[in-house]
Every structure is written in C-alpha cells, then in structure tokens.
Amino acid sequence: MTRESKWQTLWNKYLREKQDDKAGYGFYELKQTTGDSLDFKKIEVHQYESLLAAEKAGLVWKFSDQDQRQKPFDCVSIPPISAFIVIKFPDAFYVIKIKDMIKEKETSLRKSLTKDRARELAVKVIHI
C-alpha cells in the first residue's frame, strides 16, 4: 500500500465515522506531503475546477459498467455541498475550503503553501 493510499484509507474512515453528525459531508481532494509545505502545482487545474463545480452544482456520477467489482447501484446524485482541499502534513490533516485555497494560490508570493499558512486557512485541523 502506498503512503498516499494509506492516508486516503484513514481519511475515508474518519469521514464514515462523521456521517452521523454530517460533519464529514463534502467534496474532497486529498494531498499529502512529508515536509512543511505543499507546492501549489501538486493540485491540478482540473481538481480546482471540479471541486468548484461540485460545490456550486452538485454531482451526478454514473458508476462504470466496465468495473469487474459488483456495483452497489447505477449512479449517485449529490446536491451542492462544500468542497475542500485536505492536505496531510506529517502531524495532521488540514481541511481548507476550495475557494480559500484558490485565493491563496492566486495571491501568495510563494510557490507553495506552508504548514503554518495552512493552519491559518484551515476550517479544521484533524489529528488522526
């Protein structure tokens, strides 16, 4: 299991546990870094665009018929809800609203987001 898939599994578990109080509802892109900063280039343009679109209009997704695994159902329709970039720094997950992340990228004089700045922007810092 790669390091990123390990963190994705841990994040997914956290979200499943938060469903009862709706605290985990949202659209997420998970990134991870082993250092104290994340290069803005690690987030692809289409990821910013897709998160913004889902936050504004929701998402309808058809599960592939080509997948060898049994499908739970044909498709899912999710209403507009908040979208986030989640950055796994060595100490915690930093949950940042997509609009705040875009603004930071566009206005920052740096080419990366530092952990200290992520802490300032984050709506939540989760130690799991």
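The values are calculated or read from the model by the stated rules, or taken from the named source; none is laboratory data. Computed from a predicted model, the values in this text were never measured in an experiment. Neighbour counts are summed over all protein chains in view; Cβ atoms, including those assigned to glycine, are modelled from backbone coordinates with ideal geometry. Heavy atoms of the whole protein, side chains included, go into the accessibility calculation; ligands, DNA and RNA do not. Shrake-Rupley method; radii C 1.70, N 1.55, O 1.52, S 1.80 Å.
For this structure, a couple of remarks:
- Principal-axis tilt of helix 45-57 within the chain, Cα atoms, nearest 10 degrees: 60 degrees
- Qualifying trypsin sites (Lys or Arg not before Pro) in the stretch 60-128, DSSP loop, other Cβ atoms within 10 Å at most 11: Arg69, Lys111
- Residue-normalised accessible area of the chain, given per residue in Å² at a 1.4 Å probe: 68 Å²
- Surrounding net charge for Phe27, when Lys and Arg each add one and Asp and Glu each subtract one, Cβ distance under 13 Å: 0
- Candidate residues Glu49, Glu104: accessible-area rank, largest first, probe 1.4 Å: Glu49, Glu104
- Residues Val95, Val125 ordered from highest to lowest accessible area at a 1.4 Å probe: Val125, Val95.
- Element breakdown for the chain at a 1.4 angstrom probe: carbon and sulfur atoms account for 51% of the accessible area.
- The stretch 69-118 and the stretch 1-55 have Cα centres spaced 6 Å apart.
- Karplus-derived HN-Hα couplings along the stretch 10-16 (A = 6.51, B = -1.76, C = 1.60, θ = phi - 60°), whole Hz, x at Gly and Pro: 5, 5, 4, 4, 4, 4, 4
- Protein-only accessible surface order, largest first, of Thr9, Thr34, Thr114 at 1.4 Å: Thr34, Thr9, Thr114
- Cross-link partners of Lys31 among aspartates and glutamates, defined as those whose alpha carbon lies under 19 angstrom from its own and excluding same-chain residues fewer than eight positions apart: Glu4, Asp39, Glu44, Glu49, Glu55, Asp91, Asp100, Glu104, Glu106, Asp116, Glu120.
- Among the chymotrypsin sites (Phe, Trp or Tyr not before Pro) within the stretch 58-128, those in coil by DSSP and having at most 15 neighbouring Cβ atoms inside 10 Å are Phe63, Phe73.
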